[in-house]
Amino acid sequence: MVTSRIDEWVTTTWRSVASTWGLLLEFAGIGPDVDPHTRVTFRAIADAVVPETPALAEELGPEHVAGGLAVDLDEFAITYVDDGFQFGLPHLGPQGNMPIADPIAHVLDTAALTLLERGDNEEEPSLDRALSLLGPDDPSAAKTESAVGPFAKLSRRDRLRAIAILDEFEVEFSPTDHDLLELDAGLVGQLVVGFMEMIYYSEWQGYDDFTEPPSRRNHPNDPDAVQSWRQTGFPGFANGYAALRGYVGTDDGPLGDGDAWTTIDETTGVRIRRESGSFRENDYDTGGYEEPFPVESG
Amino acid sequence: MVEDSYDAIVVGAGGDGPVTAWKLAEAGLSVLVLEAGPFHGNEQWPNPHEEPGGEASSSVEDLSGDLLDEQFTTREFEMITNLVFGPADHERGFWFRKFPGDGAILQCAGVGGTTLHYTGCHPRAYPASIDEQGHWPIEYADLLPYYREVEEMCEVTPAPVTAKEELFFRGAEAAGWDLIEDLNVTEPGYRPQPNAIKQPDGKLHVDADYDGDFTYPDVEGDSLALGNIAGNPHPRGAPFEEKAKRASNVSFVPAALRTDNVTVRPNAFVTDVLTETPRGDTPTATGVEFRDTWSGSVERVEAEVVVLAAGAIETPRLWLNADLPANDWVGRGLTIHFGDNVMGLWDPDDLEETIGKPTVDQHEGQDIAARFDYPGVGMLQTVGTAPGIGAILGFGASASGFAFQNDPADAPWDTMGRLAGGDLKRLLSDHRRMLQILVVSDDRPHQRNGVTVAPGVADEHGPIPVVNYEPSEGDRRRRDELARIAADVLREAGASHVHRSDSPPTALHVHSTMRMGKVVDEACEAYDVDRLFVADHSVLANGVGGANPTNTGQALAARTGERIVERHF
Ligand SMILES: Cc1cc2nc3c(=O)[nH]c(=O)nc-3n(C[C@H](O)[C@H](O)[C@H](O)COP(=O)(O)OP(=O)(O)OC[C@H]3O[C@@H](n4cnc5c(N)ncnc54)[C@H](O)[C@@H]3O)c2cc1C
């Protein structure tokens, strides 16, 4: 039941959005701005997935406080999902990429409404909470107020709960009446959680401009240059490490060779040895094979 | 230059296609390999993601280690974006496939195919999965000579031990498992990975106080820096064929080009298989139609034999879109090694005691260098990742919601589910003291699982693939058993916290959608179309027991190459 309501809602929303000139201009690459609703919603996503965490300062150190918003993760995420999938359909602009940030933001609102309807939210929605996500470069709170959807008003944990609801649904949204695009609601969850996390924890923030062609991108590969690397201790990308300990093997087996560097188990004689041996080309017999677990046919 | 006709056309230069191309060319046939993605490390395409570059490459002299160094930056986010299945043009997004839930299919486009991402693990199938599970019309023994040939080409050797492998081996031994030293595995136990990665330079031993550069020729072979999922150009400075990771672009493509009988045409997406049908007879393949992904122009090429090697999603998609004869098993029987992630986290003092230093440092060593085998159930492997890929693979998705919504009570893991927010930040602050184990289960082919195309949902190359995957009860139980074993091994290795993702179905290994015995015969020629062969993981009759599939896919592709020559030339 909820599924069909979401379907209907998304389809109607998409139609109404798609019929506005603004979106058409955006398709043509002329429209300058991200839709304010999309902007606030993506700030709310980034803030929930990689929040600012003052509490971690004492526990882990001051470098663990800053979150996704401090590095404009939300802005890049919008660019990334809008440029992320291409259908080569000419009316979608020269690259044929399918802009999906706006529909994603609307799907999240629907999920938020479902959460509220079920009474599964732990805190009350709040407009002020949403407005507090705005950055210094965003339009004023007064201008943005009307663009704040139900998702952005939820508390951080409730936003994650709303995202989790998406796993229950198959959402379909259709960019035009001709080319039906079905997206699983789960894909939305994957983009706003999984991809958000991958982008944040990767080297992404260190580029001067990731939208440049690969040969013109610069990356300092300095552990200090990327906020998330400072938080994970990742030392940056390296050409190599003198980290070899040897090769595992037993005293009388073929695998390891040379001196033992360390012993894994004295009774079985498994050790890490200096040199490599090789695997044994053994005879095999599968006659006694039994399925450890039941097997269904077909 | 691409000619009008060839003895054979191979569609896809991924893991397996180049193997068949090499075999055919060695036999003296002229071969055109059409690849949808770009050709990295080739003088014809100095900026493969920015300009259309040359048309085709027919000479091993075109291969350039320097260009590979430049293009394979090993920066994880950039390389994922460059390699994942999509057009070469960096301004355009991935090609879309519909996959259920919040899982995904991870495949690459480009010469080398998904082996550009792969971590080089080349075990053989479990013999019982071929001889006892009832799916295969041929025997394991039939594959043995081809395994040996592939293992030699790929320089498969026992993987080196660094801190993270020692930690795993200690845990596995303490948990009571035996060390396996065999190639043909019939009993459960742990072993080093048989990896298609040149072994590291002995200078890189921790006791050798090496302080030189990690570039060629100072070091030869692997340099023990993570980077296989991101392409892996190590050791930097090495000529193309001296790169440590023997992905198919480094192993089989040069060998194929060296015959002077092979032309590789990248940026060429095949959209149709051409056939002729003598009255009342089965159709015969006569060539293909392809579309240039930069210019959009369309060309046709003829051949005596067409070999589909576009991978287990695109090969059935192409069959279905080309309107070849209907067969109930085209696209059906998909196995993906229904997987999971179990992560261990250690206290520094405990690490000091087990491995002699306070960190695991998963970024050192080969990405995946230790494994646990369990014929009939599947396998486990340790995975080192940079934090971005680690986050999305290990924590970004779950079939059971966020960790804070679950109470695992007396399960063998302390937490389960997706991680985000403060929980994620706290956990990843310990990135250097954690180790993930990838659970890879022996899921079985079921007809409901597979690839269809939905008319109306089309991109520039026709209706897109729509994938269905729903594991069976048995598949789930095998996976749960492996997850329990993984948790036990981590605990025995001293982990203070164990987290299970309960990942949604996610496809890193994709097979058995054009199964031998169902869609193709024992030589991998289609039952319903003459002179049309399949040489990629889609012909595997099952998921080879859960072992990493590429050794078996390539062994079979080598065998298919020989069968084609015997049958038709
Ligand atoms: C992160 C990761 C790690 C992995 N590690 C391992 C490992 O250690 N060991 C292992 O055994 N396996 C591993 N795998 C899996 C392994 O890479 C694949 O199983 C293997 O590459 C499959 O080979 P294939 O030939 O079937 O398909 P692919 O390698 O995917 O090749 C198919 C090729 O066809 C091209 N193509 C597709 N459609 C068309 C078309 N219509 N026209 C022209 N070209 C087309 C594609 O661009 C691609 O290059 C890993 C996979 C991933 C994602």
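Only the coordinates and a few stated rules stand behind these numbers; no lab work does. Everything quoted here is computed from the prediction, not taken from an experiment. Reconstructed Cβ throughout: ideal geometry from the backbone, glycine too, with neighbour counts over all protein chains shown.
Couple of notes before you dig in:
- Taking every residue in B:121-131 and counting other chain Cβ atoms within 10 Å of its Cβ, the average works out to 2.
- Share antiparallel - DSSP beta bridges, the protein assembly as shown, percent rounded to 5: 70
- For the stretch B:335-445, the gyration tensor built on C-alpha atoms gives an oblate shape. Its axis ratio a/c (a ≥ b ≥ c) is at least 1.5, and a/b is not larger than b/c.
- For B:Tyr6, the amide hydrogen comes within under 5 Å of the amide hydrogens of B:Glu302, B:Ala303, B:Glu304, counting only partners 5 or more places away or on other chains and with H modelled in the peptide plane.
- For the stretch B:363-423: rounded, prolate or oblate by the Cα gyration tensor [a/c cutoff 1.5]: oblate
- Cα centroid separation, the stretch A:212-266 to the stretch B:79-116: 26 Å.
- Average beta carbon contacts from partner chains per residue of B:411-420, 10 Å cutoff: 3
- Neighbouring partner chain Cβ atoms per residue of B:155-166, average, 10 Å criterion: 5
- Per-residue ³J(HN,Hα) for the stretch B:11-18, Karplus 6.51 cos²θ - 1.76 cosθ + 1.60, θ = phi - 60°, Hz, x for Gly and Pro: 9, x, 10, x, x, 9, x, x
- Value of [θ]222 nm, deg cm²/dmol, for chain B, DSSP H segments ≥ 4, -39500 (n - 2.57) each, nearest 500: -7000 deg cm²/dmol
- Stretch in chain B that is longest and holds no trypsin sites (Lys or Arg not before Pro) that DSSP places in a loop and that have at most 16 other beta carbons within 10 Å: B:1-278
- Per residue, the average separation of C-alpha pairs within less than 8 Å and at least 6 apart gives the stretch A:244-298 a relative contact order of 33 percent.
- Under 5 Å from the amide H of B:Thr162 lie the amide H atoms of A:Arg245, each residue being 5 or more positions distant or on a separate chain, with H modelled from the backbone and absent for Pro and chain starts.
- Sequence-separation-based contact order of chain B, relative, with Cα cut under 8 Å and 6+ spacing, percent: 23
- Cα gyration tensor, the stretch B:1-128 - rounded (a/c under 1.5), prolate or oblate: oblate
- Cross-link partners of A:Lys153 among aspartates and glutamates, defined as those whose alpha carbon lies under 14 angstrom from its own and excluding same-chain residues fewer than eight positions apart: A:Asp47, A:Asp109, A:Glu122, A:Glu123, A:Glu124, A:Asp128, A:Glu145.
- Each residue of the stretch B:472-487 was assigned a 3J(HN,Hα) from its phi angle through the Karplus expression (A = 6.51, B = -1.76, C = 1.60, θ = phi - 60°), giving 8, 4, x, 4, 5, 5, 5, 5, 4, 4, 5, 4, 5, 4, 4, 4 Hz with x at Gly and Pro.
- Axis angle, to the nearest 10 degrees, between helix B:163-174 and the longest C-alpha principal axis of chain B: 70 degrees.
- From most to least packed by mean Cβ count within 10 Å, the peptides B:339-345, A:132-138 give B:339-345, A:132-138.
- Of all DSSP beta bridges in chain B, antiparallel share, percent nearest 5: 70
- Rounded to the nearest Hz, the phi-derived 3J(HN,Hα) couplings of the stretch B:560-567 under the Karplus curve 6.51 cos²θ - 1.76 cosθ + 1.60 (θ = phi - 60°) are 4, x, 5, 5, 4, 4, 4, 7, where x marks glycine and proline.
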